[in-house]
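What follows is one structure encoded as structure tokens, with my remarks underneath.
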Amino acid sequence: MRSFYRGCTLVSLLALGAGFAACSSGSGGSGGPAQTGLAQSALTPATSCDDVEALLRERLKQNMAKSVEAARESALQQLEAGCVWFGEDGGPVGASSSGSASSGGPVSAPTEEGGGGVDDGGAKEYSTTNTQEADVDEADFIKNDGENVYILAHGQFQIFDAWPAADIHRVASVAIEGEPKKLFVHEKRALVYSSLSASSSPDGEIAYYSSGECTYGYDCEFTGDGTPLLVTEFDISDLTAPTVVRTLKFSGSFINARRIGAAVHTIVASHEPTVEGLSTWPEGLDVCSLSDQGVNPSTVAAVNSAYDKLLEKNIALIDAAPLDIQLPSVEDTVYRDGVASPKSHEPFASCENFYLSNTGDGQSFLSVVSTELGTEALGQTTIVGRPGAVYATADSLYVASRHQYGQTYGWFYDDGKATPDATTIHKFALSERAAPSAYLGSGVVKGRVLNQFALSEHEGYLRVATTTGHLPDPDTHNTVASLKQEGGELVVKGMVDHLAPGEDIRSARFYGDVGFVVTFKKTDPLYTIDFSEPEAPRVRGELKIPGFSTYMHMIDEGHVMSIGYDADDQGDFAWFQGILLQIFDVTDLDAPTLTHKEVIGTRGSASDAATNHLAFNYFTQRGLLGIPMVICEGGSGGDFGDTMTFSGLLVYKVDPGAGFTSVGGVPHPLPDASADGNGPSCGNWWSSATSFVKRSVFMEDHVYSVSEDEIRVANISDLAAPEAVVSLVP
């Protein structure tokens, strides 16, 4: 490119924000936050909504200018190339005379197991939701208490009297507004989360960056579905007649939630503000005509002048935009004797408990909303920043937001080319009441987290496992860091870096002062990491075997069970194959061993449990494992199996010494070959595995196999012959 291109000169002169100067490079230029990382990760309390709006306008200008400067550079390339439009990658792209700087619309930043006894009449032993931490419940579409099953299906909240097992029957069914997704049940109260359409939100907006539910996180983002969230609380004292006692309608969407006793903490992501009329192409600019005159100071000046005026116009539009109407909001309604009583207090309106991010990570809102079942209290804490993976203990909640060099304005972690991925982690204190969750501090680590299991708190330290780079880049590597809160910062105190170069993390799990990390490219290295000295973590052992684990679960102190995929080694890479169950003996951390292995089906076989831990059901009291399965046969190498031989729930007896002993399977009807192709097939991709059966519940000697349409109940002694089948279809 010739020296006529002025780069970031114009934006520097316009002074778009405190210390802001944008260049057209992907990093955002040298005028962004200092590249020290840690200091920039801390959040700053907002003193008023004016502070929030000022930050939003600055971020909008930063992202707009970045996009406009990229368009300017492409226009000058077009001028020099003779009216051929080139994008940043050097390839031809389309140009638009109006709309978004990025997408054709208004500019917007890219953005445990085992229950105890129950009241008389219920099962004495039963399984519950598979949670990461004890006493911290996680939202799911099914719950049970050993006597009743509570489930969201086909737009309804349904309750089944499920014990005795053979007599299971529905006792109540209530239609839910929107699309019900998740629920909690606790002490005669149920809390249901549902997604609403855009027209149901206060401002009718949907976040453009939504990706739906993301549980595994390998190739999806933790952004929610982008639709407004409705929370409905039911009084279920009378199971036959659930009664609505409260609704909360948020402008933002559901990300995740945790329940600790009666307190429920919900993570809500609100859409990014938009400004109508912003453009990346100057009106009246005809680069093709200018190119006929050749590349000279006059034609270059004409292009630059047009973009100078466009920037000024866009800045004026952002300055005039009423951003206050796009702040998060909630409509809180209490029902007494069936009569709705809207509450006048709007906890978001005054921007109390709002915190501002300094890392240039977009302009969306992320709120921790706390409620208490059976009360009318509500507390919120909101940060201006992007959503992420959610991890919580009984006392603390963490949000780990992933960033990529070139997508975040003003890269904030070392050199962007050497460290293209980073994760900011925000820590909040949880209360047993519906009070605002106190913001405790933030930190940043290199690399990106895979999912919630990449984080774990133990004895005052947070352990985090991350991957830097993307395969097949040979510079891809992994890091395990130990952080400690010091004042308002989460400071990296110890680190194992460049773990498994040329591979990426497929699963991580921490128990006590030990961590387990599985990486993969063509073999499955299982690493054991010793955190007994948290500020000096060290790798103790490594085991290389075919395949890889996507979820790990501790059987006892010396044995880890996992689910994942078998693999077919091809030299430089490996094809994933059938579903793989394994047991590792980790008694000796210096020499972990694979003691048992079970391969189910061939390439294309799938289980929801492979990428969603809520579908993995290990019934500790009986040593039973239930996993949803679609079994496909005939696959090998890179070819998927072409014959589906089983769809249902598989049950195994698990013993560290004897391994996996098949108990059998609860079959569900195989899909009609003439169907329209919706739902699971023998073409399942490993990172987005799906099965017809979604969950299971154990109650003593019975297992309940749950699909989207029915519950099949069978005795462990004869799984192939269900004792009862109940439909979930209205």
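Residues in the stretch 341-389 that are more than 18 Å from GLY261 (Cβ to Cβ), part of a strand (DSSP E or B) and under 20 Å from the mean Cα position of the chain (by Cα): PHE365, LEU366, SER367, THR381, THR382, ILE383, VAL384, ALA389. Scanning the stretch 368-386 for residues that are open to solvent by less than 10 Å² (accessible area, probe 1.4 Å) and among the aliphatic types (A, V, I, L, M), we see that the one that is nearest to ARG189 (Cα to Cα) is VAL369. Scanning the stretch 652-671 for residues that are over 17 Å from HIS596 (Cα atoms) and not in a loop (DSSP other than H, G, I, E, B) turns up GLY664, GLY665, VAL666, PRO667. Scanning the stretch 124-139 for residues that are touching a Leu at 6+ places or on another chain (Cβ under 8 Å) and either buried (at least 21 other Cβ atoms within 10 Å of the Cβ) or of a type outside the set (D, E, K, R) (or both) yields THR129, ASN130, ALA139. Checked against the criterion of being in a strand (DSSP E or B), aliphatic (A, V, I, L, M) and either within 25 Å of ASP709 (Cα to Cα) or modelled with pLDDT under 95 (or both), the candidates ALA166, ALA190, ALA109, ALA101 yield just one match: ALA190. From the set of residues in the stretch 662-679 that are loosely packed, with under 15 Cβ neighbours inside 10 Å and either under 30 Å from the mean Cα position of the chain (by Cα) or modelled with pLDDT of 95 or more (or both), which is nearest to THR128 (Cα to Cα)? My answer is SER662.
When the residues of the stretch 151-163 are filtered to those that are of a type outside the set (Gly, Ala, Ser) and open to solvent by 10 Å² or more (accessible area, probe 1.4 Å), the one that is nearest to PRO242 (Cα to Cα) is GLN156.
Pairs linking a residue in the stretch 462-473 that is over 30 Å from LEU440 (Cβ atoms) to a residue that is open to solvent by less than 10 Å² (accessible area, probe 1.4 Å) and part of a loop (DSSP other than H, G, I, E, B), with Cβ atoms under 7 Å and 6 or more positions apart or on different chains, are GLY469/THR476; HIS470/THR476.
Those strands (runs of 3 or more DSSP E) of the stretch 560-651 in which 1 or more residues are open to solvent by 10 Å² or more (accessible area, probe 1.4 Å) and closer than 25 Å to LYS521 by Cα occupy 574-585, 593-600, 624-633. Among the residues of the stretch 68-94, which ones are open to solvent by less than 30 Å² (accessible area, probe 1.4 Å) and modelled with pLDDT of 80 or more? If the condition is that a residue be open to solvent by less than 30 Å² (accessible area, probe 1.4 Å) and modelled with pLDDT of 80 or more, then VAL68, GLU69, ALA70, ALA71, ARG72, SER74, ALA75, LEU76, GLN78, LEU79 are the ones that fit. You will find that of TYR511, TYR461, the residue that is open to solvent by 20 Å² or more (accessible area, probe 1.4 Å), over 19 Å from THR131 (Cα atoms) and among the aromatic types (Phe, Trp, Tyr) is TYR461 and no other.
Could you check the stretch 283-297 and list, in sequence order, the residues that are part of a loop (DSSP other than H, G, I, E, B) and either open to solvent by 70 Å² or more (accessible area, probe 1.4 Å) or at pLDDT below 85 (or both)? Correct list: GLU283, GLY284, ASP286, GLN293, GLY294, VAL295. Residue count for the stretch 330-351 satisfying the condition of being open to solvent by 30 Å² or more (accessible area, probe 1.4 Å) and over 18 Å from GLU376 (Cβ atoms): 1.
Cβ-Cβ contacts under 8 Å between residues 6 or more apart (or on different chains), taken from a first residue in the stretch 482-495 that is open to solvent by less than 20 Å² (accessible area, probe 1.4 Å) to a second residue that is of a type in the set (D, E, K, R) and not in a loop (DSSP other than H, G, I, E, B), are listed as SER482/ARG463; SER482/LYS493; LEU483/ARG463; LEU483/LYS493; LEU490/LYS427; LEU490/LYS484. Quick one: in the stretch 298-329, which of the residues that are over 30 Å from VAL245 (Cβ atoms) and outside any helix (DSSP H, G or I) is most open to solvent (accessible area, probe 1.4 Å)? Checked the stretch 298-329; the qualifying residue most open to solvent (accessible area, probe 1.4 Å) is PRO322.
Filtered by the rule that a residue be out of contact with any helix residue (DSSP H, G or I) (no Cβ under 9 Å at 6 or more places or on another chain) and in a loop (DSSP other than H, G, I, E, B), the stretch 246-282 gives GLY252, GLY261, ALA262.
Matching residues to (1) of a type outside the set (A, V, I, L, M, F, W, C); (2) modelled with pLDDT under 95; (3) within 18 Å of the chain's Cα centre (by Cα); (4) within 19 Å of ALA139 (Cα to Cα):
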position: SER210; (1), (2), (3), (4): yes, yes, yes, no
position: ASP225; (1), (2), (3), (4): yes, yes, yes, yes
position: VAL231; (1), (2), (3), (4): no, no, no, yes
position: VAL245; (1), (2), (3), (4): no, no, no, no
position: PHE254; (1), (2), (3), (4): no, no, yes, yes
position: ARG258; (1), (2), (3), (4): yes, no, yes, yes
position: GLU276; (1), (2), (3), (4): yes, yes, no, no
position: VAL300; (1), (2), (3), (4): no, yes, no, no
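Within the stretch 534-548, restricting attention to residues that are modelled with pLDDT of 95 or more and in contact with a Gly (Cβ under 8 Å, 6 or more places away or on another chain), the residue that is least open to solvent (accessible area, probe 1.4 Å) is PRO537.
The values are calculated or read from the model by the stated rules, or taken from the named source; none is laboratory data. Values in this document were obtained by computation on a predicted structure and should not be read as measured data. Don't worry about glycine lacking a Cβ; one is built from the backbone with ideal geometry, like all the others, and counts go over all protein chains shown. SASA here: full protein model, heavy atoms, side chains in, ligands and nucleic acids out. Shrake-Rupley method; radii C 1.70, N 1.55, O 1.52, S 1.80 Å.
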